[in-house]
1. Just checking, which of B:Y255, B:Y247, B:Y212, B:Y223 is out of contact with any Ser or Thr (no Cβ under 9 Å at 6 or more places or on another chain) and within 25 Å of B:L33 (Cβ to Cβ)?
2. For B:S84, all conditions in the list (1) more than 9 Å from chain A (Cβ to nearest Cβ); (2) of a type outside the set (K, R); (3) open to solvent by 10 Å² or more (accessible area, probe 1.4 Å) hold save one; what is the number of the exception?
3. Looking only at segment A:297-323, which residues are buried (at least 24 other Cβ atoms within 10 Å of the Cβ) and either of a type in the set (F, W, Y) or assigned to a loop (DSSP other than H, G, I, E, B) (or both)?
4. State the number of residues belonging to segment A:280-324 that are aromatic (F, W, Y) and over 10 Å from A:P352 (Cα atoms).
5. So, in segment B:19-47, how many residues would count as being touching a residue at least 40 places away in the same chain (Cβ under 8 Å) and part of a loop (DSSP other than H, G, I, E, B)?
6. Pick from A:K457, A:K436, A:K382, A:K388: which is touching a residue at least 12 places away in the same chain (Cβ under 8 Å) and more than 30 Å from B:V43 (Cα to Cα)?
7. Search segment A:499-536 for residues being among the β-branched types (V, I, T) and surrounded by fewer than 19 Cβ atoms within 10 Å (Cβ to Cβ), and hand back the single one that is nearest to A:L550 (Cα to Cα).
8. Counting only residues that are within 23 Å of A:L361 (Cα to Cα), give me the strands (runs of 3 or more DSSP E) lying completely in segment A:1-110 with at least 1 of them.
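The values are calculated or read from the model by the stated rules, or taken from the named source; none is laboratory data. Predicted model only: the values in this text are computed from it and were never measured. Methodologically, a virtual Cβ is constructed for each residue, glycine included, from the backbone with ideal geometry; neighbour enumeration extends over all protein chains shown. The area values use the complete protein model at the heavy-atom level, side chains included, leaving out ligands, DNA and RNA. Shrake-Rupley method; radii C 1.70, N 1.55, O 1.52, S 1.80 Å.
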Amino acid sequence: MFSNETLSIVLSGAAGQGIQTVEKLLTKIAKESGYYVFATKEYMSRVRGGNNSTEILISSKPVMAFRNKIDILVTLNNNSIDRLRNRISNKTFILGEEAYVKNEINKLPVPILQLAKDVGNPIYANSVSSGILSGIIDADLEIVKKCVSDCFSTKNPEIVKKNITATVKGYNFGKSLNLRVNIKKNPKIKNHYLINGSQAVSKGAIAGGCNFISSYPMSPATAVFTELAKASKEYNIIVDQAEDEIAAANMVIGAWYAGARGLVSTSGGGFALMTEAISLSGMIETPIVVHLAQRPGPATGLPTRTEQGDLNLALYAGHGSFPRIIFAPSGLDEAYYLTAQAFNYADEFQVPVFVLTDQYLLDSIYNVEKFPNVELTRHIVKTDENYKRYEITEDGISPRGIPGFGTGVVRVDSDEHDEYGHITESSEVRTKMVNKRMKKLDKIIEKSIEPVLYGHKDYDYLFVSWGSTSLILKEALENLENNRVALLHFPQVYPLPKSSKKYFKKAKKLIFVEQNITGQFADLVKQTYGINTSKRILKYDGFPFSVEELTDKIKGEL
Amino acid sequence: MLNVKLYDIPDSDIAWCPGCGNFGILNELKSALSELNLQPNQVVIVSGIGQAAKMPQYINVNMFNGLHGRTLPVATGIKLVNPSLTVIAESGDGCTYGEGGNHFIHTIRKNPNIVNLVHDNMIYGLTKGQASPTTPKGVVTSLQFDGVFVEPFNPISVAIALNASFVARTFMGYNDLTVDLIKQAIQHRGYALIDILQPCVTFNKFNTYQWYKENTYILPDDYDPTDKNAAFEIAMNTEKLALGVIYKNSEKAVYEDFQPKIKLF
């Protein structure tokens, strides 16, 4: 009935109806039952009402990309179907209350509310829905019960019991629907971690020694802030909710100056306010790590949607010239690894380091076998009476002291300064200091994180992407099975690693794939190497590319 | 008492005008640090932008000279990370009450154990004489040439209204009072504001040394700074400006006490 590989389930309903709970429960149940899972959600900028949806993929192989196809649609309100009409095919089964599904070809009317009421309260509709889907995917009933019990563990035992009853009712109903799903299970997947992008970034920050966060809440960056606050007691992390983004960024710079490893998590609009602090970080060579969660702009744009439109903002933020580093993870393991490395790089090179994510990546969930290893490196020195904060060195990196560690004093100045940090207007010192700061860029380029090539080494067509678009593109290219085609993904988008050039030169045709209207990364590559980057596949409607959509667009370029 | 010369920076090219009130504050701060036996590496002065913000350039302690108005978040960050440091946020009236107004409000709310010294000369000196948030109504400046027509900011009453834990005012011309207040502020646990009145001899021809002497008074010894209503009344009276500790509330929880201790070295 369905593909034996990947089943695509979409749940759709109003904000506040509990789709999130079903997403959380079902992904856990599926993973614990031995399936690879992937989930991603899209939602309106409102607390109640409207229409939101979550896509959950259940698969026998790793799945890490959004796709358009819907095998089973679960509707929880009356406007779900209209909103998703262009993703519904004549093979889509539509499940929901009779009133919502009655006009559909493959309708599966289910009295979800009645089943919930039978247990005692319409509020159990979530658990009924999770149960139905668990039944359809042939999840292990004991696992289902345990996941529900864990999920509601903070509630009183009576409520836990009722939720389990509701889920089991749903489960039996799901089985009775006789929708055959033949997806192979793998017991090893049980031991995988099931996390989302925000958790990957915050876990990476902890692995990178983050012990300070100050931020001002803004979607979609807030989730990282929240995750670190949750972990603050276990990992000794100082947490400050700042009065504004300006305060947050300055506070984090103050924290680094005093010896902490600080993070600020924000989105484009909030980051716009931090640009003077980025300039300060550049001048005083005190690091800052910024998690910049992209969403569509300008201004407040589409607050809950996705885009890769802030590369230029990160690239050019701040006045004057100074080095910086920009990472852009494609998926969860990279989000973990690059965020951790951001702290090491910031510490070593004493520059602002950015981790650019987006709403799509942060809200995507899948199972990860293990996290990459990151070795934490520290780069501070004990000072003596002759300590010079801005000592001119061969590579431009001055030993960084912190106040109270050693007998010296640590003096940093946002005005141009000499080696001791004393204010100066000497043109000679100014020139030396600018050179010293910029010289660090050479070493950063040397130590850059290399681009990753997927596909055939002997390519004619090279598709280039960065950030979360890369995993969707990767899946689209794999479906294509064309041995003249490869993908080059950039985990580090600035500065460009030395090796990039050889990949570009080898291609007969270069095609950039990005989620913004101008092709900001393509422009950067063109500016850096002077090569032709005119072929661009771009999307900027607030939704991620789907695998199918990219497959079509790729075919058009070959 | 440490030798006050410990805080000198040899060959400093001081950028203030001759006769500037900043010189007095510089000496008073050095005296207070020496009387409290604070080693240079234990003290951090954070400043913003303006003539007052140049203060740490001329004192041999840890220095963070940052951005205009951003003194308080930086100082709070440093204190949270290393509570053993004596952290002094020091800048002018424009930096603290104008550009940094939001931070002023919220730092008082958070109550980190830092000292905030505000050099209040009621004018913008570095940009050559525009009105500051504290310039009195009617004063003619290079920009407000018909005289300032908006109400001045009253930092003392705002701080008391926000229940700041230590609120003081002084005139830099009174050396002993100022040294004593700085010492008290450093020893106080919690956010401590001292609004330090000072003349700007070049751009403020109204609020002169003489004017400050004539328009201020020192609070009597038996004044009780823990009485909030009395403090508020004194703060609202701008006919004559009270000097001394105007309000004190030692019960207020300190921000860093809610935070974990992190390992630094």
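1. Numbers: B:Y255 fails: out of contact with any Ser or Thr (no Cβ under 9 Å at 6 or more places or on another chain); B:Y247 fails: out of contact with any Ser or Thr (no Cβ under 9 Å at 6 or more places or on another chain); B:Y223 fails: within 25 Å of B:L33 (Cβ to Cβ).
Within the list B:Y255, B:Y247, B:Y212, B:Y223, the selection yields B:Y212.
2. (1)
3. The initial filter retains those residues of segment A:297-323 that are buried (at least 24 other Cβ atoms within 10 Å of the Cβ), namely A:306-308, A:310-311, A:314.
Answer for segment A:297-323, where residues must be buried (at least 24 other Cβ atoms within 10 Å of the Cβ) and either of a type in the set (F, W, Y) or assigned to a loop (DSSP other than H, G, I, E, B) (or both): A:T306, A:E307, A:Q308, A:D310.
4. Step one: of segment A:280-324, the residues aromatic (F, W, Y) are A:316, A:322.
Filter once more, keeping what is over 10 Å from A:P352 (Cα atoms): A:316.
So the answer is 1.
5. 4
6. Details: A:K436 fails: more than 30 Å from B:V43 (Cα to Cα); A:K382 fails: more than 30 Å from B:V43 (Cα to Cα); A:K388 fails: more than 30 Å from B:V43 (Cα to Cα).
Every option except A:K457 fails the conditions.
7. Residues of segment A:499-536 among the β-branched types (V, I, T): A:511, A:513, A:517-518, A:525, A:528, A:531, A:533.
Still in the list and also surrounded by fewer than 19 Cβ atoms within 10 Å (Cβ to Cβ): A:517-518, A:528, A:531.
Working: A:I517: 16, A:T518: 18, A:T528: 27, A:I531: 24 Å.
So, considering only residues that are among the β-branched types (V, I, T) and surrounded by fewer than 19 Cβ atoms within 10 Å (Cβ to Cβ), the one nearest to A:L550 (Cα to Cα) is A:I517.
8. On the way: elements: A:6-15, A:36-42, A:49-59, A:72-75, A:93-96, A:107-109.
So the answer is A:6-15, A:36-42, A:49-59, A:72-75.
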